[in-house]
Amino acid sequence: MRLLILLILLNSCKNFQQTEKRKKVARVNSSFLYQSDFDDEINSESSYEDSIIISKSIIRNWAINKLVYNQSLLHLHDSIQQKLTEMVENYKLQLWANTYRNFLSKSNFNYKIDSLEKIEYYEKNKNNFRLKRDFYNVAYIILPESNNNLKLIKSRLRNFSDKDLFFLDSLSYQFNSFHLDKPLWIDKNNLIQKIPFQNILTKELNLNKKNFFVLKDSLQVYLLKVFDYKKYNSIAPYDVVEGNIERILINQKKLIFFKDFDKEILDDAIQTNKFEIFP
């Protein structure tokens, strides 16, 4: 018995010491704010002066909120306080439930979407995917103006056969920037940021006549091969919206997962007499 009492006293002392180690920085009535309560809100890279300013602001806001809360308990009508308490409890319940559902989905949900599934969804819903900007399907190379292989590189990019691509890949270390693996769908603004073809792209492209462009400035040569283009509000190519489709399908599957989970947990509660509806 004496040993049990001694253990309880030692444990109490340990808990008291741990509480005392927490540095008190402010008090409002019987509530205390500890340094550890807001350590994470102060950037470790902040200067000493900035840390003091941030700490004072946190302490001030904490005190104001506590004081206003205490005043509200004295002056708000009981019916209002009851309503607020119910809102807080409902929010807490929803927050816990949603956090747990998301935890379960991350642990048990397969986020991989089959390519065929994405394509099938696109084909059924392509009219819903409209471009908000002009898009161009291109390959390009940006290289120094002094490159000794410029003429050959132009010819290879213009032809764009597998053999040509293999050759260009072997010279890619000479390029400042390039995209060759697969024709890239890129919107007009982003394309112009990479290569200054705005004067060409503002004109109507006739892809049957010319789809290869060369532009030079004082430092670089820009080679652009255009395979296709889509205007604003036309149906978006699959490659442009593939990422959006994947997110849509993932969200759909998550909703089904949550619906099945809710049904399962409810059915189990009914069967185990944890939940019942009274007539």
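The values are calculated or read from the model by the stated rules, or taken from the named source; none is laboratory data. What you are looking at is a predicted structure, and each value in this text was computed from that prediction instead of being measured. A quick note on method: Cβ atoms are made from the backbone with ideal geometry, for glycine too, and the neighbour counts reach across all protein chains shown.
The sole residue among Asn233, Asn251, Asn244 that is at pLDDT 90 or above, out of contact with any Gly (no Cβ under 7 Å at 6 or more places or on another chain) and on the phi > 0 side of the Ramachandran plot is Asn233. Take the residues in region 110-130 that are in a loop (DSSP other than H, G, I, E, B) and either among the β-branched types (Val, Ile, Thr) or modelled with pLDDT of 95 or more (or both); name whichever of them is nearest to Asn244 (Cα to Cα). Filtering region 110-130 for residues that are in a loop (DSSP other than H, G, I, E, B) and either among the β-branched types (Val, Ile, Thr) or modelled with pLDDT of 95 or more (or both), the one nearest to Asn244 (Cα to Cα) comes out as Phe129.
Residues that are exposed (fewer than 10 other Cβ atoms within 10 Å of the Cβ) and more than 30 Å from Ser234 (Cα to Cα) within region 100-133 comprise Lys106, Ser107, Asn108, Asn110, listed in sequence order. The set of residues in region 229-275 that are part of a helix (DSSP H, G or I) and of a type in the set (Phe, Trp, Tyr) comprises Tyr238, Phe257, Phe258, Phe261. Summed over region 86-109, the residues that are at pLDDT below 95 and either more than 22 Å from Phe257 (Cα to Cα) or in contact with an Asp or Glu (Cβ under 9 Å, 6 or more places away or on another chain) (or both) give a count of 1. Only one of Ser115, Ser107 is within 27 Å of the chain's Cα centre (by Cα) and within 23 Å of Leu266 (Cα to Cα); which? On inspection, the qualifying residue turns out to be Ser107.
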